[in-house]
Amino acid sequence: MMVGMASEETRTLKSTTTNIGGPAASDSPAPTGGPSAGGPSAATRAWTTRVVIVGIVLAALNLRPAITSLGALLEEVRDGLGMSGSVAGLLTSVPPLCFAAFGVMAPRLARRFGPSTVVCAGMLAITAGLLIRPYVGGTAGFLAGSALALMGIAVSNVLMPVIVKSWFPERVGSMTGLYSMALALGTAAAAAVTVPMTESLGGSWRSGLAVWAGLAAAAVLPWIALVRHREAPAEPPSRTRETERARPELRITRSRTAWALAVFFGLQATAAYITMGWMAQIFRDAGVSAGTAGLLLAVTMAMGVPLAFVIPRVATRLPHQGPIVVVLGVCGLAGYAGLYLAPAGGAWAWALLLGVANCAFPLALTMVGMRARTGAGVAQLSAFAQSAGYLISIPGPLLVGVLYQHSGGWGLPIALMAGLMIPQMAVGVLAGRDRTVEDEAAR
C-alpha cells in the first residue's frame with residue numbers, strides 16, 4: 001500500500017516541480033535579486049513574505065488543538081457519548097488514520113490549486129470540523145466532524161515543509177523551528193486551558209471543544225490574502241516545461257533513508273498520539289485531579305515550545321542527527337519508567353521527560369527538509385514519510401485502549417510505549433545520516 005502511494009505521488013509530482021517547491025509556483029516568491037519585467041516590486045514581495053510567516057505561524061497553532069483539547073476532556077466525551085474504552089481508543093487512532101489517508105493527497109492538490117490555496121482550504125476544514133463535531137450528535141457524528149478537521153490538518157502537515165523550503169531555502173532550520181514552536185504552543189495551550197475554559201463556559205464539554213474553532217478561523221485570513229495575491233512566475237512557462245521534462249523521475253521507494261524516515265516518523269507519531277490521547281487519563285486514574293492532569297499534559301506539550309525552536313537549528317548544523325535521536329529516546333524511556341513506577345508521586349518530572357521525548361516531531365520535520373535537495377524532492381519525501389508514517393502509527397493508540405480495558409490498568413500500555421522507543425531510536429539514527437533521497441534513488 002505504501003509503495004503504491006509513493007508511486008502515485010511520483011507520477012503526480014513528476015511534471016510539477018515548480019508548482020510545489022520551485023520558485024515558479026504561483027504562490028512562491030520571485031527571486032530576491034529584483035523583480036522581473038512586469039513582476040512584483042521588492043516592497044510587494046517583502047509584504048508577501050511577512051504574510052507567509054504569519055500564515056505559517058497561525059496554521060501551526062491550529063495543527064494540534066483538535067487532538068489535545070479532546071485528550072483533556074476524553075472522560076467527559078466518553079460519558080456524554082456512551083463510549084467504551086475500545087471505542088475511545090479508536091477515537092484516538094482517528095488522527096493518524098486521517099493524516100495517512102488525506103496527507104497523501106496534498107501534493108496532487110497543491111499541483112492543481114497551489115500550496116497556499118490548499119492550506120487555506122485546510123484551515124477552513126479545521127474551523128468547520130471543530131465547530132460541528134460536538135453538536136452533530138452520537139459517536140458517528142463526532143467521528144465525522146473530527147475527520148473533517150483532521151483532513152485539513154493532514155494536508156497542511158504535508159505542505160508546511162514544502163512551503164518553508166520554497167520560501168526560505170536558506171533558512172530551513174530556523175523557519176522549521178518557528179513553525180514547530182508555534183505547533184507546540186498550540187498543542188500545549190489546548191491541553192492547559194481546555195478544562196478551565198470549559199468550566200468557565202458552564203461545564204459543557206461541547207462548548208469547551210467548539211471554542212477552538214475561533215483560533216482556526218483566524219488562521220484562514222492570511223492564507224486568503226496569499227491566495228488572492230499571486231506572484232509572477234520567475235521563469236517563462238516554456239522554460240519551466242523544459243526543466244520539468246529534463247528532470248528525471250524520483251523513485252522515492254528506492255531510498256533507504258526515505259524508509260527509515262517514514263518509520264521514524266511513524267513511531268514518534270505513535271508516541272505523540274498516545275501521549276495526547278491517554279496521558280491525562282493515566283494521571284487521573286492515579287488520583288490526580290482533572291485540572292492538574294490537564295496541566296501535566298500541557299507541560300508535556302509546552303516542552304516543545306523552546307525545544308522545537310532549538311532542535312531544528314542544532315540539527316541543521318550537525319552532519320549526523322543520530323545523537324539527538326538517542327538523547328530524545330533516552331528521555332522517553334526514563335519518563336515511561338517513572339510513569340509506571342510512581343505516576344502521581346513524580347508526575348511533573350515524568351511530564352517534563354516525555355515532553356522532551358516528544359520533540360522528535362520537529363526533528364523529523366527538519367530531517368525531511370535536509371534529506372532532499374529540491375522543493376519537489378521535499379514534497380515527495382514529506383508526502384511519503386508522513387503518509388507511510390501515519391499508517392504505521394494507527395494501531396498504537398487503539399492498542400493502548402484495548403490493553404487498558406482488558407488488563408484493568410496501565411502497566412501493559414506503558415510497557416508497550418517504552419518498548420516502541422527502542423526501534424524509534426534505531427531508525428532515527430539511520431534517517432539522520434548525511435545523504436539525500438535523490439542520490440539514493442539514483443543508485
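The values are calculated or read from the model by the stated rules, or taken from the named source; none is laboratory data. Computed from a predicted model, the values in this text were never measured in an experiment. Protein only, heavy atoms only, side chains kept; ligands, DNA and RNA dropped before computing areas. Shrake-Rupley method; radii C 1.70, N 1.55, O 1.52, S 1.80 Å.
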On full extension of the chain, what length is gained from SER174 through ARG313, given 0.36 nm per residue of separation minus the C-alpha to C-alpha distance?
49.5 nm
Using θ = phi - 60° and the Karplus relation 6.51 cos²θ - 1.76 cosθ + 1.60, list the HN-Hα couplings for segment 267-273 in order, rounded to whole Hz, with x at every Gly or Pro.
6, 5, 5, 4, 4, 5, 6
At 25 °C and 0.890 mPa s, grab the translational diffusion coefficient of segment 382-440 from Stokes-Einstein with a Kirkwood Rh over Cα pairs, rounded to a whole number in µm² per second.
180 µm²/s
The ³J(HN,Hα) series, computed from each phi in segment 385-390 with the Karplus coefficients 6.51, -1.76 and 1.60 at θ = phi - 60°, rounded to the nearest Hz and given as x for glycine or proline, is 5, 6, 5, 5, x, 5
Sequence order, segment 318-325: Karplus ³J(HN,Hα) from phi using 6.51 cos²θ - 1.76 cosθ + 1.60, θ = phi - 60°, Hz rounded, Gly and Pro as x, gives 9, x, 9, 8, x, x, 5, 4
Two-decimal Rg/Rh of segment 254-402 from alpha-carbon positions, Kirkwood Rh?
1.01
Quick tally, 1.4 Å probe accessible area for MET123, MET197, sorted with the most first, runs MET197, MET123
